[in-house]
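Student: The structure follows.
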Amino acid sequence: MIGDKKVLFSGMQATGNLTLGNYLGALKNWVNICDEYECFYSVVDMHSITVRQDAATLRKRSRELLTLYIAAGLDPEKNCIYYQSHVSAHAELSWILNCYTYMGELNRMTQFKDKSAKNADNINSGLFTYPVLMAADILLYQADVVPVGIDQMQHLELARDIATRFNGIYGDVFTVPEIYMGKVGRKIMSLQNPDKKMSKSDENPNGSIYLMDDTDTIIRKFKRAVTDSDNQIRYSEDKPGIKNLIDIYCATTGKSSEEVEKEFDGKGYGDFKLAVGEVVAQCLKPIQDRQKELLNDKAYVDGVIKNNAEKASYFATKTLRKVQKKVGFPERIR
Ligand code: TYM
């Protein structure tokens, strides 16, 4: 708790082009629930270097992501929006937690297996211990709740296990975080292959809607989305392409799948695809415009970066000092 509010933590990587999956699975939920919590939203640049990055591009994308958080509706006066690398407590707690995490646990992480397969020439130890840094992110702020998409579930369960193990040895040091997922949008699939998650790293750009795509591109990609041939807008597991489009429509508009089925009763896939494209484009346009303004307002954004890094450091250091004491590090002499 901070004051009378529970704490929320979440983060995103500024690697590649953010997709509609990132928005509907995470960022949109962040905005919907932020007033209920004391929130920390990090641009997790330390996670990004587990895969080789071009330095200038990473720096540029990190700023774009930070401004996107604000443009999407997170007020930086009320929400702590900051770069992970500006708060050194993340690295320090991560090291300590590494010593309380088993190789066997990390070996089971499916994302590690996937990313190792994709980056066979650079399977570095950071990629392996990535979930421990994630646990440190969350536990540093004593987060009660962590809103993510379904692909992060295994990492969050590990964070809960690490916290519980640590508490078992040293008493109640960490809040054990709950996972929060929206009702719809927790797993948005590729428009070209509805069995696969929509992903920043997909080689086929037509499979993903990027948050910076313009209206024409968005509508074109939806028109080309892979569906089946029965031409009925029905929400069913055996119609993964249409199910994904209905999920996108619902997550964007707040409507239920039954309402969508009714709305498009008697209409064909062409009409529906166009409608999905239009609502998505309408939803993203004001965010894109606001982000452009923010990227031009250097002084304002720099102020946010500085103030929020200080705020995050204050809370993170409090937890870090407690942990350092518990594990037996000598006291600092003032
Ligand atoms: P990242 O950057 O891959 O994704 C950011 C958020 O977007 C969600 N997401 C999706 N949701 C629905 N459908 C999709 N197709 C889709 N693709 C991505 C992810 O679930 C995530 O919530 N390791 C994390 C970042 C992180 C973090 C943390 C998150 C670092 N530390 C602490 C929470 C708490 C990551 O790489 O997310």
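Student: Residues 144, 137: which one is more than 12 Å from the ligand (Cβ to nearest atom), closer than 19 Å to residue 7 by Cα, at pLDDT 95 or above and not hydroxyl-bearing (Ser, Thr, Tyr)?
Tutor: 144
Student: May I ask you to list the residues in segment 95-151 that are within 25 Å of residue 199 (Cβ to Cβ), in contact with a Phe, Trp or Tyr (Cβ under 8 Å, 6 or more places away or on another chain) and hydroxyl-bearing (Ser, Thr, Tyr)?
Tutor: If the condition is that a residue be within 25 Å of residue 199 (Cβ to Cβ), in contact with a Phe, Trp or Tyr (Cβ under 8 Å, 6 or more places away or on another chain) and hydroxyl-bearing (Ser, Thr, Tyr), then 130 is the only one that fits.
Student: Which condition number does residue 251 fail, the rest of (1) within 16 Å of the ligand (Cβ to nearest atom); (2) surrounded by fewer than 17 Cβ atoms within 10 Å (Cβ to Cβ) being met?
Tutor: Of (1) within 16 Å of the ligand (Cβ to nearest atom); (2) surrounded by fewer than 17 Cβ atoms within 10 Å (Cβ to Cβ), only one is false for residue 251: (2).
Student: Among the residues of segment 46-58, is any surrounded by fewer than 17 Cβ atoms within 10 Å (Cβ to Cβ) and either among the charged types (D, E, K, R) or within 11 Å of the ligand (Cβ to nearest atom) (or both)?
Tutor: yes
Student: For a quick check of your reading: which helices (runs of 4 or more DSSP H) sit entirely within segment 227-334 and have at least 3 residues that are under 25 Å from the mean Cα position of the chain (by Cα)?
Tutor: Qualifying helices (runs of 4 or more DSSP H): 240-253, 269-296, 298-327.
Student: Pairs please, first residue from segment 1-15 and within 21 Å of residue 173 (Cβ to Cβ) and in contact (Cβ under 8 Å) with a residue 60 or more places away in the chain, second anywhere and of a type in the set (A, V, I, L, M, F, W, C) and surrounded by fewer than 22 Cβ atoms within 10 Å (Cβ to Cβ), Cβ atoms under 6 Å, 6+ apart in sequence or on different chains.
Tutor: 8/145
Student: To continue, here is another question. Within segment 1-29, take every residue that is in contact with a helix residue (DSSP H, G or I) (Cβ under 6 Å, 6 or more places away or on another chain) and assigned to a loop (DSSP other than H, G, I, E, B) and give me the one that is farthest from residue 127 (Cα to Cα).
Tutor: Ranking the candidates gives 14 first.
Student: Confirm whether residue 91 is surrounded by fewer than 14 Cβ atoms within 10 Å (Cβ to Cβ), under 19 Å from residue 323 (Cα atoms) and more than 9 Å from the ligand (Cβ to nearest atom).
Tutor: Considered against the rule, which asks whether it is surrounded by fewer than 14 Cβ atoms within 10 Å (Cβ to Cβ), under 19 Å from residue 323 (Cα atoms) and more than 9 Å from the ligand (Cβ to nearest atom), residue 91 comes out as yes.
Student: Can you name the residue in segment 172-189 that is farther than 18 Å from residue 148 by Cα and in contact with a helix residue (DSSP H, G or I) (Cβ under 8 Å, 6 or more places away or on another chain) and, of all such residues, is surrounded by the fewest Cβ atoms within 10 Å (Cβ to Cβ)?
Tutor: Top of the filtered list is 173.
Student: Listed residues 273, 262; which is surrounded by fewer than 13 Cβ atoms within 10 Å (Cβ to Cβ) and of a type outside the set (Asp, Glu)?
Tutor: Checking each option against the conditions leaves just 262.
Student: For the structure I just gave you, tell me whether residue 195 is surrounded by fewer than 19 Cβ atoms within 10 Å (Cβ to Cβ) and either touching a residue at least 60 places away in the same chain (Cβ under 8 Å) or within 14 Å of the ligand (Cβ to nearest atom) (or both).
Tutor: On the way: surrounded by fewer than 19 Cβ atoms within 10 Å (Cβ to Cβ): yes; either touching a residue at least 60 places away in the same chain (Cβ under 8 Å) or within 14 Å of the ligand (Cβ to nearest atom) (or both): yes.
Criteria met by residue 195.
Student: I'd like to check which helices (runs of 4 or more DSSP H) are fully inside segment 30-129 and have at least 1 residues that are out of contact with any helix residue (DSSP H, G or I) (no Cβ under 7 Å at 6 or more places or on another chain) and free of Cβ contacts under 8 Å to residues at least 24 places away in the same chain.
Tutor: Numbers: elements: 45-48, 55-71, 89-98, 103-107, 110-118.
Where helices (runs of 4 or more DSSP H) fall fully within segment 30-129 and carry at least 1 residues being out of contact with any helix residue (DSSP H, G or I) (no Cβ under 7 Å at 6 or more places or on another chain) and free of Cβ contacts under 8 Å to residues at least 24 places away in the same chain, they are 55-71, 89-98, 103-107, 110-118.
Every residue, every condition in (1) within 8 Å of the ligand (Cβ to nearest atom); (2) in contact with a Phe, Trp or Tyr (Cβ under 7 Å, 6 or more places away or on another chain); (3) modelled with pLDDT of 95 or more, yes or no:
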| residue | (1), (2), (3) |
| --- | --- |
| 5 | no, yes, yes |
| 22 | yes, no, yes |
| 38 | no, no, yes |
| 60 | no, no, yes |
| 72 | no, no, yes |
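Student: Still on this model: So in segment 106-134, with the set limited to residues that are among the hydrophobic types (A, V, I, L, M, F, W, C) and either more than 30 Å from residue 2 (Cα to Cα) or over 17 Å from the mean Cα position of the chain (by Cα) (or both), which one is surrounded by the fewest Cβ atoms within 10 Å (Cβ to Cβ)? Quick ask: steps written out before the conclusion?
Tutor: Here is the first cut: in segment 106-134, the ones among the hydrophobic types (A, V, I, L, M, F, W, C) are 106, 109, 112, 117, 120, 123, 127-128, 132-134.
Checking the rest, the ones that are also either more than 30 Å from residue 2 (Cα to Cα) or over 17 Å from the mean Cα position of the chain (by Cα) (or both) come to 106, 109, 112, 117, 120, 123, 127-128.
On the way: 106: 18, 109: 18, 112: 20, 117: 9, 120: 7, 123: 14, 127: 19, 128: 17.
For segment 106-134, the residue satisfying everything is 120.
Student: Sticking with this structure for a sec: Here is a list: 77, 38. Which entry is of a type in the set (Asp, Glu), in the same structural domain as residue 135 (by TED's automatic domain parsing) and touching a Leu at 6+ places or on another chain (Cβ under 9 Å)?
Tutor: Checking each option against the conditions leaves just 38.
The values are calculated or read from the model by the stated rules, or taken from the named source; none is laboratory data. Given the structure is predicted, the values throughout are model-derived calculations rather than measurements. Neighbour counts run over all protein chains shown; Cβ positions are idealised from the backbone, glycine included.
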